[in-house]
Amino acid sequence: MKEITIEIDGRRVTVPEGVTVFEAALKLGIEIPHLCYHPSLPFLGACRLCVVEIEGARGLPASCVTPVAAGMVVRTNTERVREARRTILDLLLANHPLDCLTCEKAGECRLQHYAYEYGVASSTWQGERKRLEPDESNPFFVRDQEKCILCGRCVRMCQDVQGRHAIDYVHRGFAVRVSTPYDVSLTETSCVFCGNCVTVCPVGALTPKMSRGRGRTWEYTKVRTVCPYCGVGCNVYLHVKDGRVIGASAAEGPAHEGLLCVKGHFGYEFIHRPDRLRVPLIRQGKSFREASWEEALSLVAGRLLETRKRYGASAVAALASAKCTNEENYLLQKVFRAVLGTNNVDHCARLCHASTVVGLAAAFGSGAMTNSIREIAEAELLLVTGSNTTETHPVIGTRIIRAKRAGARLIVADPRRIALAEEADLFLQLLPGSNVALFNGLAHVIVKEKLYDAQFIAERTEGFAELVEALEPYTPEYVEGITGVPAELIVRAARMYATARRAMILYSMGITQHTSGTDNVLAIANLAMLCGHVGREGTGVNPLRGQNNVQGACDLGALPNVLPGYQRVDDAEVRRKFEECWGAPVPTQPGLTVVEMMEAAARGQLRALYIMGENPMLSDPDINHVREALEKVEFLVVQDIFMTETACLADVVLPGACFAEKDGTFTNTERRVQRVHKAVDPPGEALPDWVILCRLAQKMGYPMSYDHPREILEEIRRLTPIYGGISWERLGTDGLQWPCRDADDPGTPYLHKDRFARGKGKFHPVKYRPPAELADEEYPLLLTTGRLLYQFHTGSMSRRSQGLEAMAPEPYIEINPRTAEVLGIGDGQLVEVASRRGSITLRARLTERVARQVVFVPFHYAEAAANVLTNSALDPRAKIPELKVCAVRVRPLGANGSDGGGS
Amino acid sequence: MSIDLESFKAMKHELEERRQAGKARRTVIVGMGTCGIAAGAQQVWAALRQELNNRGLPIALKKTGCIGICEREVLVDVVDEEGRWTYGDVTADKVPAIIESHLVNNRRVDEWLLGKVDSPECPYPDMGFYRKQVRRVLVRCGFIDPESIDDYLAWGGYSALVKVLESMTPEQVIEEIERSGLRGRGGAGFPTGLKWRLTRQAPGEIKYVVCNADEGDPGAFMDRSILEGDPHAVLEGMMIAGWAIGAQEGYIYVRAEYPLAIKRLRIAIQQARDYGLLGENVLGTGRRFELKIKEGAGAFVCGEETALLASIEGSRGMPRPRPPFPAQKGLWGRPTNINNVETYANVPAILLHGADWFASLGTERSKGTKVFALTGKVAHTGLVEVPMGMTLREIIFDVGGGIKGGKQFKGVQIGGPSGGCLPADKLDLPIDYDSLTAAGAMMGSGGLVVLDEETCMVDLARFFLNFTQSESCGKCTPCREGTKRMLETLERICEGEGDPDVLERLASLAQTVKDTSLCGLGQTAPNPVLTTIRYFREEYEAHLGEKRCPAKVCRALLEFRILRDACRGCGACKKVCPVEAITGERKEPHEINAALCTRCGACVEACPFDAIVR
């Protein structure tokens, strides 16, 4: 690109063509005053505060929208410029309340800042001022239009970055303001309350309700940490005053580019909820009594050792936590392997991406997202399947929408017409559980039309011939019959995917939570390898991980068959390394998976279960069965931050610390290890989970103590090659993406660059197998489950955050209006949904999002838990249950829940 | 059916022949532009239709657009063996008499006759209004039926397009336009040929031509008259531009307040499509060209080119910073040529008659003619087309017939709300882009509002600022907030409030708004204020210092008095006074209680003896 040299305030600077005068000045360290300019937003040139003098130019151009031109001579701070800026500030103040004394934004308000700098105390222009009541109509933030200076940052954030178009300018002239269509409340618009408008607002026009009246910028400290909700790993600042988190704001970070979603921005009330667990509890009959740590841990240690002694190590098991830190998960598996001698360690990844771990390890040699979130912008084509990304990984969803609007093509394959489907070039509405057929169908077309990457296949893969043979039956017409996707769309999608120069697949639990989960993943991997869309920037096979640290929990060995770093327990060499470090033998047999643990418990073979930060009573399939199993366990320990549905069944409940109360690391979905920092103390006597585990180990006679999680990370580093270069100090603010093998390794943004982790990529021919349960006369509809934007997982955090709960307070079932008509169900009516395993009662929501034979229930709600209905049938290899498909029947009830149907 | 160039030419030739042959055929033509219709042309048309039917006269009845002298609408032309005669101020009840006398008895009704049409370039050379006009852009307005492509073709329409397609390269077309010196008629006067060249040179497969028909200046109706009177001329200009720059699609952005123009454009576009001038394969050349209409929703700022583009794209019409200019990055980010209606309407004639012909009129740097909408306190209002460089004096006094009611000329607001107000000593200023800019005004799109002694210049500045303030898009601070404070200041001056130094503050704010605003609207909105301060400062000072409005317009500064000698005590004033401020016995001189008087002026209107003064 052409370089251009210009002169600014007597200094010369050379910048690429197309750069603005404002940016060129920044390069010289000159920050020109500005209000509407924001580096992550398209330039607008609205506030005019950044005007400068340019020799030969008419008037005073706004530097933020004036591109540099050769030989330009710019002056940024002449008296004429300063006078113009003073006039502009004067004009803004004439129409702005001067209530800085009580304004939430005081101290960080840009208008206040410049008024001070330019000595504009109040306006010299007296006249009409806009009078508008603050809009309090949404639960998250206040819109005070009187303070709005119309810089348009919020509008651009909403339209150009977030892609929502919930707000825009309305009216003309002096009456212009930012509003919603027809001035309705934001709650009635397309707004998703990401709050990114609040982040960029330079004045007090948009302020979070949570922080109101609780302290201003100079009163609180900002602690940088990682959001505890989904796997995107957004960085946030927690605002801490007097030992309490009073607010949160976005921090810059490579994974999320400074954006947050509604949960990451406003979902922190749970930290200080009065119902946090504060002291250890020991069961006494039907209730609990408070106990000291000494008593509680002695009891737990004693019972665990005793159980092992009496029934063997296989009678003891632990569930690790995708919400806890890497260090804590490492310690949990260490305690159970080294102290109790069992590999019975698993966690909820079993329920979300076990099939990814198995499938991608088989195909590529590594079971994680191949590429980075940032690379979504580099892809020419995005294929999103089984992921309602805008609700489950909102910041990634936004990125996909932005890529699409910037010219990338988008194919969405999902049983539901999700929000992304509305943006898509092609929407393939397949029947739940027909994924293998669909992907085989796409591959069939690509092979038939010879659109595959022959060179890539020859050089980098094996098993192509077997694949071709296996694909033969999957003609578009045959696949249409299975999936319900028109053959013509299958052909078009195949051509689009194959002919794109860089195509990226993103998927989530719609792919993995099936009895065919591993096959689904393998079919996707086949497709990517077929077209050479792996091992390059902007391509790849990218499972989106659901929990903040589910990637890390897997990485750190909270799995029954592998030690940290996916090192197999049946590998003697590996075991020796760990045994040397731990000073204890490592068991050789792989342990039980989550669902197998429940089965073993129900059979009476599993006698003691230690659950750290998980809630299987809501998250696992066939909850009635889970309850029976947990009740049957002789000794159940639950370590959590709230009295969850699972904790209610425990013998001992140990109060842990939430993410804001401890240091450590989380690993996000793109394999980025990031630092988590303690902001506040845990409530009452609650302790960080790593401390609890150390004390428990000591109680069991195993000496284990660390002063700080960084020491644990150091131990991990030494034992785990993919984390070999990751130290607390190196992580800094941006973190590191594994594999990061030594201190000089900058980390790996995308995997399998020149060779696959397993050497050659392996095609695995897979056959379509129907789901374990299909619709029949008795249960004529297919139920699929999933998440909502405003809730998270089992709701223990999100349902304790008022705003989130207010937006999605109630369970519901999505039914196609035509199906509802046949069943005599009206919108909002109470219905009973029953499967072979149980039934729940909830309200019907009639929507075209679901096809006629499909219904959808979010699984967050204990009062109508979707997992009462779901099927625990397992994928044979990954042991993941089929949470995404089961057969149900739906019948209408009367207003009070009585039988209302039939007539 | 596909029409190729040859068959199109043959058809065109036949239409031209037929017109020559039928020139003297008896026809009645009604002026049915918006001005004619507003004056009652529909009723006149209906009356004519009925009268001709009743009498069984085999005489064609046709419609045409505005010929310019709007104040005499409804205009009805009668074509007979001796020529084409124009009746003015026709009403439905005059119709039977005109038909009876002129068409049955062959006796023209002289008392209603405006004159005999001489040539389309100067239809009534005997009338002062037309004597100095040179109608080039408007040449067919008021003559052809704007809803008939055949009429346009018969009058030589689309000859330029045929010539271009047959014998010119895009490069030659652009050169010809450049050589002609044509500059944009929408206001700023950017050289049209250069704009075309820049758009042609901009990289990209897809390009657009856009016609700015969002004529929003108060008192301006040039573009509307062209669209209503000769829509094909604009289409032809756009087709040529599209061909020259390599565009395959064009948009005409018309304000929805121009329903007749939109209707006629739609008809014209459909006809052009039917004749193979638009579509996938224009006249068999293998080139695609399509035109679409986008109706604007009435925002003045959408006349600003970048706001206009945003509006076509479906966004709120708000200006974007330039550069990039539309020629580089316009509609949907593609290189786009935007000209206004009059600019495109100039194009066919330039290519047909040559750049030299065009440049033979005008000044050194402003060539050709300019259409003005002449309004205000001038004797003859209407649409006029004069050579560039004509002085204001000639336009106002020779063409416009001077000031209405023999009052004193005070100034002229030229270029609409973005323009400036020029005083009497600028009357000999030649009208061209550069002289006007130098005088603090601008050509604008061609609004000319004449002001007389009864116009208060402060009030006038207030009026225009009120307009620009309410039409500001609100995007940039100086325009949104600055014009508001300027307006408030002017309102206060009109109320007699404000210190003498307020003028300096006002001028200084005006200059900042001009210097720092984002788009043309904000950059020019202060012009009326700055020029009135520059040329009529004493009026501001009278308001501020003496609390007096010399033009007796600003109500707050008026005092109504009844002249005792002139008052006959009729009580008419007392009756109309809405606040009972007037007292007095019948047949005795009345009095106004100044404390109660709201200065509404009703009494002045009511007094039959001119006994009330202010």
Quote the Stokes-Einstein diffusion coefficient, in whole µm² s⁻¹, for region B:83-155, based on the Kirkwood radius over alpha carbon pairs, a temperature of 20 °C and a viscosity of 1.002 mPa s. 154 µm²/s
So what does the Cα-only Debye profile of region A:1-155 read at q = 0.08, 0.19 Å⁻¹, as log10 I(q)/I(0), no solvent term? -0.27, -1.18
From the C-alpha coordinates alone, can you work out the Kirkwood hydrodynamic radius of region A:354-543, in Å? 16.0 Å
Solvent-accessible area buried by A and B, counting both chains, probe 1.4 angstrom, square angstrom: 2800 Å²
Could you order B:Lys574, A:Lys147, B:Lys23 by accessible surface area, starting with the largest, using a probe radius of 1.4 Å? B:Lys23, B:Lys574, A:Lys147
Helix-only mean residue ellipticity at 222 nm for chain A, each DSSP H run of n ≥ 4 adding -39500 (n - 2.57), per residue, nearest 500: -8000 deg cm²/dmol
Relative to the Cα centre, what is the charge dipole magnitude of chain A, using +1 at the beta carbon of each Lys and Arg, -1 at the beta carbon of each Asp and Glu, and rounding to the nearest 20 debye? 660 debye
For the protein assembly as shown, with all protein chains present and a 1.4 Å probe, just round the carbon and sulfur fraction of the accessible area to a whole percent. 49 percent
Dipole of the protein assembly as shown, Cα-centred, from +1 at each Lys and Arg C-beta and -1 at each Asp and Glu C-beta, to the nearest 20 debye? 1140 debye
Which is farthest toward the positive dipole end of chain A among A:Val203, A:Leu804, A:Ala454, measuring Cα position about the Cα centre, with Cβ charges +1 (Lys, Arg) and -1 (Asp, Glu)? A:Val203
Note every residue of region B:497-520 with a reduction of at least 40 square angstrom in accessible area, all protein chains present versus the isolated chain, computed with a 1.4 Å probe, or write none. B:Arg505, B:Leu509, B:Thr512, B:Asp515, B:Thr516
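Just to be sure I understand: if I project the alpha-carbon convex hull of the protein assembly as shown onto a plane and average over all orientations, what area do I get in nm²? Write out the running numbers ahead of the final one.
Numbers: hull surface 273.2 nm².
Taking the Cα atoms of the protein assembly as shown, their convex hull projects to 68.3 nm² on average.
Is the shape of chain B best called rounded, prolate or oblate, per the rule: a/c under 1.5 gives rounded, else a/b larger than b/c gives prolate, else oblate, with a ≥ b ≥ c the square roots of the Cα gyration tensor eigenvalues? Mind showing how you got there, number by number?
Details: a/c = 2.28, a/b = 1.31, b/c = 1.74.
Oblate, since a/c reaches 1.5 and b/c is not below a/b.
Run through region B:1-86 and list the GluC sites (Glu not before Pro) located in a DSSP loop whose Cβ has at most 16 other Cβ atoms within 10 Å.
B:Glu81, B:Glu82
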Under a point-charge model restricted to the Cβ atoms of Lys and Arg (+1) and Asp and Glu (-1), what is the dipole moment magnitude of region A:3-77 relative to its Cα centre, in debye to the nearest 20? 140 debye
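What shape does region B:1-127 take by its C-alpha gyration tensor, where a ≥ b ≥ c are the square roots of the eigenvalues and a/c under 1.5 counts as rounded, a/b above b/c as prolate, and the rest as oblate? Don't skip to the answer; put the middle values down first.
On the way: a/c = 1.72, a/b = 1.58, b/c = 1.09.
Note, shape of region B:1-127 comes out prolate.
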Looking only at Cα atoms, what is the convex hull volume of region A:491-648 per residue, in Å³? 170 Å³
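From largest accessible area down, sort B:Phe397, A:Phe336; use a 1.4 Å probe on the protein chains.
On the way: B:Phe397 75, A:Phe336 0 Å².
Descending accessible area places them as B:Phe397, A:Phe336.
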Rounded, prolate or oblate: which fits region B:149-358, taking a ≥ b ≥ c as square roots of the Cα gyration tensor eigenvalues, rounded meaning a/c under 1.5, else prolate when a/b beats b/c? rounded
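So if the hydrodynamic radius of region B:369-452 is defined as the Kirkwood radius over C-alpha pairs, what does Stokes-Einstein give as its diffusion coefficient at 4 °C and 1.567 mPa s, in µm² per second? Let's see the in-between values first.
Numbers: Rh = 12.1 Å.
The diffusion coefficient I find is 107 µm²/s.
Give me the inter-chain shielding for A:172-184: mean count of other chain Cβ atoms within 10 Å, whole number please. List each step's numbers first, then the result.
Details: counts 14, 16, 11, 6, 6, 1, 1, 0, 0, 0, 0, 0, 0.
Across the residues of A:172-184, the mean count of other-chain Cβ atoms within 10 Å is 4.
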In vacuo Debye scattering of region B:559-613, one point per C-alpha: log10 I(q)/I(0) at q = 0.22, 0.23 Å⁻¹? -0.69, -0.76
Determine how large the accessible area of B:Leu198 is when every protein chain is in place; take a 1.4 Å probe and give Å² rounded to the nearest 10. 80 Å²
So, for the Cα atoms of chain A, Rg and Dmax in Å stand at 28.6, 92
For peptide B:465-477, how many partner chain Cβ atoms fall within 10 Å of a residue's Cβ, on average? 6
When all protein chains stay in place, what accessible area (Å², nearest 10, 1.4 Å probe) is found for A:Cys694? 10 Å²
Label-point separation, A:Ser298 to A:Glu378 (7 Å along Cα→Cβ), nm: 5.9 nm
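Could you give the C-alpha radius of gyration of region A:3-77 expressed as a fraction of 2.2 N^0.38 Å, taking N as the number of residues it contains? The partial results should precede the final answer.
Working: Rg = 11.1 Å, N = 75, 2.2 N^0.38 = 11.3 Å.
That ratio works out to 0.97.
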Residue-normalised accessible area of region A:507-566, given per residue in Å² at a 1.4 Å probe: 8 Å²
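Write out the GluC sites (Glu not before Pro) in region B:547-614 meeting two conditions: DSSP loop, and at most 16 other Cβ atoms within 10 Å of their Cβ. Intermediate results must be reported in sequence, preceding the final value.
On the way: sites: B:Glu559, B:Glu580, B:Glu585, B:Glu591, B:Glu605; in loops: B:Glu559, B:Glu580, B:Glu585.
Those satisfying the criteria are B:Glu559, B:Glu580, B:Glu585.
Which trypsin sites (Lys or Arg not before Pro) from region B:82-179 combine a DSSP loop assignment with at most 15 other Cβ atoms within 10 Å?
Qualifying residues, ordered by number: B:Arg107.
Please report the relative contact order for region B:114-258, taking Cα pairs under 8 Å with a sequence separation of at least 6, and give it as a percent rounded to a whole number. Numbers along the way, then the final one.
Working: 161 pairs, mean separation 36.0, N = 145.
For region B:114-258, the relative contact order is 25 percent.
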Longer than 19 Å from Cα to Cα, which of B:Lys377/B:Lys407; A:Lys241/A:Lys323; B:Lys410/B:Lys552 are they? Say none if no pair is. A:Lys241/A:Lys323
A:Thr475 paired with A:Thr221, simple spin-label distance in nm, labels 7 Å along Cα-to-beta-carbon: 7.1 nm
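Taking every pair of alpha-carbon atoms in region A:610-736, give the share separated by more than 21 Å as a whole percent. Don't jump to the answer; show the numbers that get you there.
Values: 4175 of 8001 pairs.
Summing the P(r) tail past 21 Å for region A:610-736 gives 52 percent.
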Could you report the accessible area of B:Cys603 in Å², rounded to 10, computed with a 1.4 Å probe on the protein chains as they sit in the structure? 10 Å²
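Ordering A:Trp293, B:Trp112, A:Trp218 from largest to smallest accessible area (1.4 angstrom probe), what's the sequence?
So, going from the largest accessible area down, we get A:Trp218, B:Trp112, A:Trp293.
Counting only heavy atoms of the protein chains, get the accessible area per residue of region B:452-591 (1.4 Å probe) and round it to a whole Å² value.
On the way: 5920 Å² over 140 residues.
Dividing the accessible area of region B:452-591 by its residue count gives 42 Å².
The values are calculated or read from the model by the stated rules, or taken from the named source; none is laboratory data. Given the structure is predicted, the values throughout are model-derived calculations rather than measurements. We place every Cβ from the backbone using ideal geometry, glycine too, and count neighbours over all the protein chains shown. Surface areas here come from the heavy atoms of the whole protein model, side chains and all, with no ligands, DNA or RNA. Shrake-Rupley method; radii C 1.70, N 1.55, O 1.52, S 1.80 Å.
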